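Input: a single structure, listed below in structure tokens.
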């Protein structure tokens, strides 16, 4: 599976559209709100992970070859 941040963006907008459905009421609306919360929680973790990867890349690029890079950051 090759998901991208643009896919996440599309999913978030689709979720927003589902929440905007004025025909959704009562229990169905409550279910959609719960689903939206779950999607938001996962999205926040994906974004946090992307931020960490970017920060690691910036750090690796700034350290250069003179200082050893922890193996965990190399792959």
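Throughout, read-outs are computed from the coordinates displayed, never taken from laboratory work. Computed from a predicted model, the values in this text were never measured in an experiment.
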The chain: angle of helix 5-19 to the longest principal axis, Cα-based, in degrees nearest 10: 20
At 1.306 mPa s and 10 °C, Stokes diffusion of segment 5-73 via Kirkwood alpha-carbon radius, µm² per second: 107
Computed helical MRE - 222 nm, the chain, DSSP H runs ≥ 4 contributing -39500 (n - 2.57), nearest 500: -25000 deg cm²/dmol
